[in-house]
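S.K.: Starting off with a structure, shown below.
The values are calculated or read from the model by the stated rules, or taken from the named source; none is laboratory data. All of these numbers come straight from a predicted model, not from anything done at the bench. Here the Cβ is made from the backbone with ideal geometry for all residues, glycine too, and neighbour counts use every protein chain on show. Accessible surface is based on the protein model in full, side chains and every heavy atom, while ligands, DNA and RNA are left aside. Shrake-Rupley method; radii C 1.70, N 1.55, O 1.52, S 1.80 Å.
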Amino acid sequence: MLDAQKLFRRSSRSKAQRDVLRSAKDKLRAKNLRDSKQAFVQQGLVDWHFPRLVEHEVVSHQLVIKAIDDNDDQQHGGSQDGSDSQDNLDVLTAPPQLKKPPFYAVLLFNDDYTPMEFVIEILQLYFALDLDRATEVMLTVHYRGKGVAGMYPRDIAETKAQQVNNYARSQGHPLLCQIEPQPE
Ligand code: TYC
């Protein structure tokens with residue numbers, strides 16, 4: 001059996017091993033989870049075939065390190081101190097790893113037929129721009145060919161573009177609205 005596996009067999013841990021494990025846990029708590037897992041493996045504390053580390057790391061932002069040998073308790077006739085099988089779990093909390101969603105620009109394109117007033121109305125209605133800002137954006141589109149009406153996560157950007165196109169069509173205007181991913 002690998003040393004790492006022995007380390008996670010609770011019943012066979014020596015004090016020195018418990019200390020190593022505790023300090024490793026502290027490191028894990030402090031660092032990015034995936035980096036830490038890599039570090040754990042490099043230090044020989046866990047074997048890479050320890051997939052539950054990954055499976056559980058997203059559960060309520062808790063990392064659950066389960067002893068490799070699920071039968072540990074059974075093999076040793078249950079826990080000696082009378083506590084239940086939860087003994088076999090080491091639960092570490094880690095800060096949530098949040099990533100901002102990628103943003104999409106909602107673009108308006110110029111055409112020769114959509115009335116300026118209608119474009120301004122669209123910008124106020126769907127993009128919450130005040131009259132001055134809506135006029136400014138409309139003129140940018142008019143003179144430069146395209147302009148950004150707003151920036152949103154993908155779902156919202158898609159919905160807005162669809163709403164604008166549908167509304168423009170329903171009013172008989174060819175106004176075109178499309179989304180474009182933004183570099184992160
Ligand atoms: N070019 C249009 C006109 O002169 C106005 C316009 C502005 C149309 C912006 C579309 O996205 C647009 N009536």
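S.K.: Can you tell me which residue within segment 108-145, out of those that are within 14 Å of the ligand (Cβ to nearest atom), out of contact with any helix residue (DSSP H, G or I) (no Cβ under 8 Å at 6 or more places or on another chain) and not in a helix (DSSP H, G or I), is most open to solvent (accessible area, probe 1.4 Å)?
M.R.: Top of the filtered list is Tyr113.
S.K.: Follow-up. Can you tell me which residue is farthest from the ligand (Cβ to nearest atom) among those in segment 146-159 that are open to solvent by less than 60 Å² (accessible area, probe 1.4 Å) and under 11 Å from Leu108 (Cα atoms)?
M.R.: Result: Gly150.
S.K.: Here is a further query. I'd like the full set of residues that are in a helix (DSSP H, G or I) and either at positive phi or open to solvent by 70 Å² or more (accessible area, probe 1.4 Å) (or both), limited to segment 160-184.
M.R.: Gln162, Gln163, Asn166, Arg169, Ser170
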